[in-house]
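Chemist: This is the structure I have questions about; it appears just below.
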Amino acid sequence: MKYLHNIGTYFIMIKDMFRKPTKWSVMKTLILKDIDDLIINSLGIVAFISFFVGGVVAIQTSLNISNPLIPKYLVGFATRQSIILEFAPTFISIIMAGKVGSFITSSIGTMRVTEQIDALEVMGINAINYLVFPKFIALTLYPFIISIAMFLGIVGGLAACVYGGYGTMEDYIDGVQNDFIPFHMTYAFLKTMVFAFILATIPSFYGYFMKGGALEVGKASTTSFVWTSVVIILVNYLITSLLLG
Amino acid sequence: MIEVNDLHKSFGDAHILKGITTSFEKGKTNLIIGQSGSGKTVFLKCLLGLFDYEKGTISYDGKIISDLSPDAKRDLRAKIGMVFQGSALFDSMTIAENVMFPLRMFTKQSLSEMEDRVNVVLNRVNLPDAHKKMPSEASGGMQKRVAIARAIVNNPKYLFCDEPNSGLDPKTAIVIDNLIQEITDEFSITTVINSHDMNSVMEIGEKIVFLKNGFKEWEGSKETIFRTDNKAVTDFVYSSELFKKVRRMYQEENQ
């Protein structure tokens with residue numbers, strides 16, 4: 001019953017996010033601040049993880065190919081497919097649920113605890129629009145992060161492959177270019193957009209509707225991470241079944 | 001003027017407000033007092049529209065708020081200033097930005113006009129040099145004064161304060177009380193203060209509503225509260241040794 005209530009409240013929050021919009025001059029500032037907090041500040045960790053995980057995927061693939069009949073370019077091919085189809089959109093989104101999601105929940109939750117949200121409501125401001133909508137707009141730039149993750153993942157694979165002595169650059173690049181299906185990019189970016197919406201709204205929901213004090217802000221951040229991850233995994237399965245299944 | 005008629009509010013099975021009827025007059029500092037758990041904060045949040053209520057009416061200058069359209073409610077809220085117990089300053093903004101916030105949201109003033117107005121109100125609350133500070137760099141008393149500045153910057157018709165003196169030393173508390181009183185007189189605002197501070201009651205209590213267990217137990221003024229025979233009020237007022245002594249002195253003077 002509690003889950004049903006939460007799901008209902010979540011969808012009402014989504015509807016309220018588009019109601020009674022905040023003045024554009026104020027909203028513009030909020031969006032730019034959220035782009036800085038959520039997108040720009042995430043670039044470093046995403047770049048670091050993508051590069052090294054790309055390298056690990058290339059090494060693992062190379063080490064598990066023992067059959068001489070399997071072409072060498074398979075390392076590049078497998079790395080590209082892993083990175084584009086799953087690692088960049090899904091794995092990075094789970095990491096972002098921890099980094100960005102916790103930030104959103106704790107910042108909105110702290111505003112709830114310190115009555116800043118009450119202050120907005122007393123002034124007649126639609127607090128959900130004021131707080132959640134800029135995050136939603138900022139995260140429409142999320143595919144930009146995922147593009148960087150894809151690029152650096154493949155480059156990381158190349159670096160590990162060449163400098164680790166697991167293959168040649170020519171074989172790797174040949175594999176990256178081999179059998180490329182453009183629809184896979186459409187699929188990856190489509191689910192990236194859906195994940196961006198989930199990343200903006202579920203942590204906001206747990207922050208906005210939290211009750212209690214400072215301890216509960218921490219608990220809400222943890223719960224938010226768990227549910228954001230669960231929903232991303234479930235939606236990933238659903239989208240993959242629908243588009244590739 | 002704010003009028004409340006037969007207000008009832010419950011949370012689940014807990015009946016918090018049990019038929020409160022009272023009024024808060026324009027140009028006066030109206031105090032809601034009572035022990036912790038008496039329903040003061042719930043009453044204030046009902047007045048502000050932060051809580052829905054089951055029964056009764058609340059009207060602002062004759063307009064019943066439950067009958068107003070969403071747009072009319074929004075317009076009404078733009079005329080309300082609120083000072084929260086913990087000040088509720090936006091911690092990502094400087095003090096000047098906090099005070100400017102209602103102007104940015106509800107007016108079409110130019111930046112220089114808004115800055116002029118912010119200067120005026122920050123001077124009014126005796127914080128002429130605090131513009132660039134962050135709320136975390138300000139003391140409790142300063143934060144309260146910034147909250148008051150933010151509440152009055154857009155010339156509100158109604159000012160609500162939830163325990164404005166909590167956490168302040170007695171001297172700073174008196175400064176805040178006097179500031180609220182002066183602002184109320186100066187701009188002829190309907191001010192409603194939620195408090196359990198007897199010093200505030202005696203400083204600025206032009207009208208006092210005493211709540212007990214969700215009922216309005218008594219109402220009067222700072223002049224009449226010393227003469228009341230209501231036991232619940234006298235128990236509350238004379239709970240401290242200081243006020244017991246004041247009462248004895250008052251009785252001796254009258255004899």
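Chemist: What is the order of B:Asp229, A:Asp36, A:Asp171, fewest Cβ neighbours within 10 Å to most?
Modeler: On the way: B:Asp229 7, A:Asp36 11, A:Asp171 19.
Listing B:Asp229, A:Asp36, A:Asp171 from fewest to most nearby Cβ atoms yields B:Asp229, A:Asp36, A:Asp171.
Chemist: Roughly how many whole Å is it from the C-alpha centroid of region A:46-90 to that of region A:114-140?
Modeler: Between the Cα centre of region A:46-90 and that of region A:114-140, the gap is 42 Å.
Chemist: What are the ³J(HN,Hα) values, in whole Hz, obtained from phi via the Karplus relation 6.51 cos²θ - 1.76 cosθ + 1.60 with θ = phi - 60°, for each residue of region B:223-234 in sequence order, with x given for Gly and Pro?
Modeler: Going residue by residue, I get 6, 8, 5, 6, 9, 5, 9, 4, 5, 4, 5, 5 Hz, with x marking Gly and Pro.
Chemist: Under the rule of at least 5 residues apart or a separate chain, name every residue whose amide H is placed under 5 Å from the amide H of B:Thr29.
Modeler: The answer is B:Glu206, B:Lys207.
Chemist: Calculate how large, on average over all directions, the projected area of the Cα convex hull of region A:32-188 is; give the answer in nm² to one decimal. Intermediate results must be reported in sequence, preceding the final value.
Modeler: Values: hull surface 42.9 nm².
Value for region A:32-188: 10.7 nm².
Chemist: On alpha carbon coordinates alone, what is the Rg over Rh value for the protein assembly as shown, Rh being the Kirkwood radius?
Modeler: Dividing the radius of gyration by the Kirkwood radius yields 1.13.
Chemist: For the residue pair B:Met134 and B:Met202, what label-to-label distance in nm results when each label sits 7 Å from Cα along the Cα-to-beta-carbon direction?
Modeler: Going from the B:Met134 label point to the B:Met202 one covers 4.1 nm.
Chemist: Cα centroids of region B:193-207 and region B:33-65: how far apart, whole angstrom?
Modeler: 19
Chemist: Report ³J(HN,Hα) in whole Hz for each residue of region B:161-167, in order, from the Karplus equation J = 6.51 cos²θ - 1.76 cosθ + 1.60 where θ = phi - 60°; Gly and Pro get x.
Modeler: My calculation for region B:161-167 gives 10, 9, 6, x, 9, 5, x Hz in order.
Chemist: For region B:1-123, just run the numbers: alpha carbon Rg, then divide by 2.2 N^0.38 Å, N being how many residues it has.
Modeler: Working: Rg = 17.1 Å, N = 123, 2.2 N^0.38 = 13.7 Å.
Taking the Cα Rg and dividing by 2.2 N^0.38 Å, one obtains 1.25.
Chemist: Tell me the angle of helix B:241-254 to the major Cα principal axis of chain B, expressed in degrees between 0 and 90 and rounded to the nearest ten.
Modeler: 60
Chemist: In degrees between 0 and 90, to the nearest 10, how far off the longest principal axis of chain A does helix A:2-17 point, with axes built from Cα atoms?
Modeler: 80
Chemist: Continuing with the same structure: Check which residues have an amide H placed less than 5 Å from B:Glu217's amide H, if you skip close sequence neighbours.
Modeler: HN-HN under 5 Å from B:Glu217: B:Phe210, B:Leu211, B:Lys212.
Chemist: Next up: How much length is gained on full extension from B:Met1 to B:Glu223, taking 0.36 nm per residue of separation minus their Cα-Cα distance?
Modeler: 77.8 nm
Chemist: If you plug each phi of region A:181-197 into the Karplus form 6.51 cos²θ - 1.76 cosθ + 1.60 with θ = phi - 60°, what whole-Hz ³J(HN,Hα) values come out, in order, with x for Gly and Pro?
Modeler: Residue by residue, region A:181-197 yields 10, x, 4, 4, 5, 4, 4, 5, 6, 5, 6, 4, 5, 5, 5, 4, 5 Hz.
Chemist: Next question, about the same structure. Work the Kirkwood hydrodynamic radius out for region B:2-227: mean of 1/r over every pair of different alpha-carbon atoms, inverted, in Å.
Modeler: 18.0
Chemist: Apply 1/(1 + (r/R0)^6) to the Cβ-Cβ distance of B:Ser10 and A:Ala214, taking R0 = 41 Å, and write down the FRET efficiency to the nearest 0.05.
Modeler: Values: r = 28 Å, r/R0 = 0.69.
According to the calculation, E is roughly 0.90.
Chemist: What longest region of chain A stays clear of trypsin sites (Lys or Arg not before Pro) that DSSP places outside H, G, I, E and B and that have at most 11 other Cβ atoms within 10 Å?
Modeler: Values: sites that count: A:Arg19, A:Lys211.
Longest site-free region, per DSSP loop and neighbour criteria: A:20-210.
Chemist: Which is the longest run of chain A containing none of the chymotrypsin sites (Phe, Trp or Tyr not before Pro) found in DSSP loop states (not H, G, I, E, B) with at most 14 other C-beta atoms within 10 Å? Let's see the in-between values first.
Modeler: Numbers: sites that count: A:Phe18, A:Phe180.
Result, exposed sites excluded: A:19-179.
Chemist: Still on this structure: Under a point spin-label approximation (7 Å from Cα along Cα-to-Cβ), what is the A:Val230-B:Ala72 distance to one decimal in nm?
Modeler: Taking the two extended label points, one gets 4.4 nm.
Chemist: Continuing with the same structure: Using R₀ = 56 Å, calculate the FRET efficiency as 1/(1 + (r/R₀)^6) where r is the Cβ-Cβ separation of B:Lys55 and A:Val155; round to 0.05.
Modeler: E(calc), rounded to 0.05, equals 0.25.
Chemist: Is the C-alpha gyration tensor of region A:142-198 telling us rounded, prolate or oblate? Criteria: a/c under 1.5 is rounded; beyond that, a/b larger than b/c is prolate, otherwise oblate.
Modeler: Numbers: a/c = 4.35, a/b = 1.93, b/c = 2.25.
Cα axes put region A:142-198 in the oblate bin.
Chemist: With labels modelled as points extended 7 Å from the Cα through the Cβ direction, what inter-label distance (nm, one decimal) is found for B:Asn178 paired with B:Lys231?
Modeler: 4.0
Chemist: Here's something else I'd like to know. Does anyone have the angle between helix B:111-124 and the longest principal axis of chain B? Alpha-carbon axes, 0 to 90°, nearest 10?
Modeler: The two axes meet at around 30 degrees.
Chemist: So what's the net charge close to B:Thr107: Lys and Arg +1, Asp and Glu -1, counting the other residues with Cβ under 12 Å from its Cβ? Each step should come with its number before you reach the end.
Modeler: On the way: positive: A:Lys23, B:Arg104, B:Lys108, B:Arg117; negative: B:Glu113.
So the environment of B:Thr107 carries a net charge of +3.
No value in this document is a laboratory result; all are computed from the given coordinates. Bear in mind the structure is a predicted one, so any value in this text is a computation, not a measurement. Glycine also receives a Cβ, built like all others from the backbone with ideal geometry; neighbour counts cover every protein chain displayed.
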